[in-house]
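Working notes for the structure below.
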Amino acid sequence: MTMSRKPERRLRPKTPVAVNQDELFDFDKPEYEVSPYRKLNILPRTAIPVLGYQPDETRHTENQELARKTLESRGMTIEVETHVLDALEPSPSDRSSDPLADELYLTFHKKMQKQENRMLNQDRLQSEGEAERLKVIYEELGSSNWVKSLTNTTIVKNPDDPHELELKRGLTKEAIDQMLEKFKDMKSRAMLLPRSGKHSRPLGVSRRIDAYKPPENAFCINASSDEEEELLTLSELKKYRLETRRKRYGGPVVIQFRKSQATSFKYAIVAEPLQSAYIVKCSKEEKEIWSREAESLPAKIEHYAPFPKQYYSAKSATRSTRQGPGDQLAFKAEAPLPTKNTPPKRSSSQFSPKKTRKRSKAPAYGHLDIVPSHR
């Protein structure tokens, strides 16, 4: 009986591994099937007559026969019978039910929408990873060990030819630079023109609070090319555009900590359009001026009167603290305490009378009174 021989273990295969050249840059093949830089000639469909040429009689006869059959086929008429369908009146029972109700497809629509969002996120991550890989290759082509990176990125027929290496190195860097520029342009357009309408952002300020935040670089705010700005200096142009923004967004907002008459605080928060808020130190006269200006503005916050003062009354310790379904919370206004309050007798394990007397000296305001309702 012969034992089966185990296959020999090999660390490295003797046969060379086939390299997938589809992912490599190939500048030897033409980039376009029809070169855009080559001049094209337009040829007419009909033959150009040549002087002194005698046409073949047999071919001329065949052309005449073909023309005759073409005219005969065009002259044929096909009678098409017209059928009219009578409009069916729907029954009252059919009017109430929709055969294609949206509720039947809503679950499937949500499922497919989630799958579409997942695929879009995967494509976005894949494109980000590919852009990072191209950036690394571009940096490696500028390093001292660029020959090895070039052979792993671009198809090189003769690695010993320095002219071919330098030529394909420049072509590879140019192609990578163009791809990165296209990716950057696509990313910026994806931010400004999102696929879904709920993520879109208007070309302006939709909320008032956004006017007091720093603008993003993707937007050009208050860009103008009017003739009135051409003759202004830089300082005058800044002042003019500042006044334009103030008219548009309503000017700065000053928030005071306290009134100057009630406390010695001398600081306030200033929020101006299109920049971050900051804190300033102001005098008493300035705070008075700001207070008068604030009084003339329309009220933005509704005033609610404070709740009346509340108190609680002592309850018997022997009564159960569990609240049934009929228990209610009763809010009582301030009222004079009863002249005489005799709490029930307490056992030795309960509170001492000394603490009880201290509690009954003065009412404690700001608590709730739980009054059980007995049916």
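I'd like the FRET efficiency for M179 and I42, computed as 1/(1 + (r/R0)^6) with the beta carbon distance as r and R0 of 41 Å, rounded to 0.05.
For R0 = 41 Å, the calculated efficiency reads 0.75.
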Relative contact order computed over region 105-195 (Cα-Cα under 8 Å; 6+ residues apart), in percent: 24
Note, ³J(HN,Hα) from phi for region 269-277, Karplus 6.51, -1.76, 1.60, rounded to Hz, x at Gly and Pro: 9, 10, 10, 9, x, 6, 7, 6, 6
Amide proton proximity set for C282, modelled H, under 5 Å, gap of 5+: Y267, A268
For T154, distant residues with modelled amide H under 5 Å away: F25
Residues with amide H under 5 Å from that of L274, placed H, sequence gap 5 or more: Y212, K213
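Could you list T172, T61 in order of exposure, starting from the residue whose Cβ has the fewest other Cβ atoms within 10 Å?
Working: T172 21, T61 10.
Listing T172, T61 from fewest to most nearby Cβ atoms yields T61, T172.
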Cβ-based exposure ranking for Y249, Y105, in which fewest neighbours within 10 Å come first: Y105, Y249
Phi-based couplings in Hz for region 74-86 (Karplus 6.51, -1.76, 1.60; Gly and Pro marked x): 6, x, 5, 10, 10, 7, 10, 6, 9, 10, 10, 8, 6
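Enumerate lysine pairs in region 105-195 that are 8 or more residues apart or on different chains, then count those whose Cα atoms are under 13 Å apart.
Values: K135/K173; K135/K184; K148/K168; K157/K168.
Within region 105-195, the lysine pair count is 4.
Where a number appears in this text, it was derived from the coordinates with a stated rule and is not lab data. On a predicted model such as this, the values are computed, not experimentally measured, just so you know. So basically every Cβ, Gly included, is an ideal-geometry build from the backbone, and we count neighbours across all protein chains shown.
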